[in-house]
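Written out below as structure tokens is the structure these notes cover.
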Amino acid sequence: MNNEVIDSLRMLHDLSKAINSTLDLEEVVALVMRKASEIMGSEKVLLLLYDKSEATLTVRSKYGFDEGELRNVSLRNVKSFDHCIVHKGKVITFGELLPHADYRKLITLVPSLENMVLAPLEARGEACGLIGVSGREEGFTLLELELFCALGSQSAMAMENAGLFKRVKDTFLHTSEALAEAVNSRDPYTGGHIRRVSGYAMLIAEECGLSNEDKEVLRLSAILHDIGKIGIEDSILGKGGVLTEDEALKMRTHPDIGARILGFVEEMSDVIPGVLYHHECFDGSGYPEGLTGEEIPLHARIIAIADAYDALTTDRPYRKAMKGEDAVKELAGEARTHFDPYLLEIFLRIYKEAEAAAI
Ligand SMILES: [Fe+2]
Ligand SMILES: [Fe+2]
């Protein structure tokens, strides 16, 4: 076997190993772009996805393009996709697409695409898009073009797997959310509480720079933070006035009940801290354990802020909903006593930025 073939096989093996090492769709896409540039020795890489039902071809990712070049390009009414990519498994050039009016707009927008070669993203016999690399002065060998085609189908399969995995995860999250909202709906005043609290928590997480994995755990913790209310009597949850001391004590058991429920699911062990400690206070005056400062797990400190903001800005049995600006003032008054001052500052900044953007 000559060296070029051995090198190609090695590259293909490395590519497959790299893109199948993760099920995170964004990571897969980033790897595909980088590997395509490396393997083909091309400066620019373009990933286009085709939506058959909408007949649109959209730029999903780009690599090596100048800032602002090719921003959010989406071609509509691309009816000729199947027809043009009819030689599935074969590389084509943008030049070959040019006779088709559907693609002309793309070339007009970015003339540098004209010298690109494209391979179909083909998974299970269906082309779902194209990957393009900029041409080289010396051109490509036949073997390189074959390798590029293999890269297209490997990439498509890895993206499909990651997409399926994401769908399974999303279904799980939505089911958890529906369950948690159902538990919360027994309290007539808190419709939509779960979705809002997890939304605010994710905004804080984003600003804190949490990893994707950490954000997923936080999202699930926020969704399930009040799941323990399933064990609280209706007469307490739905009470239209201030709770008696005995009722308040019972209500305070919901983080423990939630943690106990989740304890039955081994895979949920990392969700428990956020649920169990979301009513702890920074100064140690919270419950169930009276933890202080950073003894309180980070996820619980984030959920506490999101939870309190939502409680203040929605109608409660004992008072009307506050306006957002009054609620953040109230929260700011409790920095260091109730909330982590650093996280609260982040939340207040998010609030101010959102307010400024809405004006
Ligand atoms: Fe709670
Ligand atoms: Fe809550």
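In the elastic network of the chain, a GNM with C-alpha springs shorter than 10 Å, the most mobile of THR292, THR141, THR171 is THR141. For every other residue with a beta carbon closer than 11 angstrom to the beta carbon of MET251, add +1 if it is Lys or Arg and -1 if Asp or Glu, then tell me the sum. Here the count lands on -2.
By a straight-distance test (C-alpha under 18 Å), which aspartates and glutamates pair with LYS250 as possible cross-link partners, with residues fewer than eight away in the same chain excluded? Within the straight-line cut-off, LYS250 pairs with ASP187, ASP226, GLU233, ASP234, GLU280, GLU289.
What angle do you read, to the nearest 10 degrees and between 0 and 90, between the alpha-carbon axis of helix 298-312 and the longest principal axis of the chain? Roughly 70 degrees, rounded to the nearest 10. The local environment of ASN3, defined by Cβ-Cβ distances under 15 Å, has a net charge of -2 under the rule Lys, Arg +1 and Asp, Glu -1. Given the -39500 (n - 2.57) contribution per DSSP H run of 4+ residues, what per-residue ellipticity at 222 nm results for the chain, rounded to the nearest 500 deg cm²/dmol? For the chain, the value works out to -16500 deg cm²/dmol. Could you please report the charge total around ASP307, scoring K, R as +1 and D, E as -1 over all other residues with beta-carbon less than 10 angstrom from its beta-carbon? Surrounding charge for ASP307 is -1. When DSSP beta bridges are restricted to pairs lying wholly in the chain, around 95% turn out antiparallel. For the listed peptides 94-100, 153-159, a ranking on the average number of other beta carbons within 10 Å per residue, highest first, reads 153-159, 94-100. Going by neighbour counts of Cβ atoms within 10 Å, the residues HIS279, HIS13, HIS254 line up, fewest first, as HIS13, HIS279, HIS254. Short-range pairs are left out: with C-alpha atoms under 8 Å and at least six residues apart, the relative contact order of the range 185-358 is 22 percent. Distant-in-sequence amide contacts of ARG60, defined by a placed amide H-H separation under 5 Å and a gap of 5 or more residues or a different chain, comprise LEU47, LEU48, LEU49. Note on the range 58-82 and the range 306-331: Cα centroid distance 43 Å, given to the nearest whole angstrom.
Once the Cα atoms are used to define both axes, helix 25-40 deviates from the longest principal axis of the chain by about 20 degrees. Relative contact order for the chain: 12 percent, from Cα pairs under 8 Å spaced at least 6 residues apart, divided by residue count. Relative to the longest principal axis of the Cα atoms of the chain, the long axis of helix 341-358 lies at roughly 60 degrees. Sorted fewest first by neighbouring Cβ atoms within 10 angstrom, VAL275, VAL242 come out as VAL242, VAL275. Taking other C-beta atoms within 10 Å as the exposure proxy, LEU142, LEU118 rank LEU142, LEU118 from fewest upward. For the range 256-277 versus the range 179-242, the inter-centroid distance based on Cα atoms is 14 Å. The magnitude of the dipole of the chain, with charges of +1 and -1 set on the Cβ of Lys/Arg and Asp/Glu and taken from the Cα centre, is near 1060 debye. Using a Cα-Cα cut-off of under 13 Å, which aspartates and glutamates could be cross-linked to LYS323, ignoring same-chain neighbours fewer than 8 residues away? List returned: ASP310, ASP315, GLU355. Couplings for the range 213-221, taken from phi via the Karplus curve 6.51 cos²θ - 1.76 cosθ + 1.60 with θ = phi - 60°, read 5, 5, 5, 5, 5, 4, 4, 5, 5 Hz in order; Gly and Pro are left as x.
For a straight C-alpha distance cut-off of 25 angstrom, the lysines reachable from LYS79 (same-chain residues fewer than eight places away being disregarded) are LYS52, LYS62, LYS88, LYS90, LYS105. Distance from the C-alpha centroid of the range 280-298 to that of the range 157-171: 37 Å, rounded to the whole angstrom.
Since every read-out is calculated from the coordinates, none of them should be taken as a lab result. Just so it is clear, the model here is predicted, and its values are computed rather than measured. Here Cβ is always computed from backbone atoms with ideal geometry, including for glycine, and neighbour counts include all displayed protein chains.
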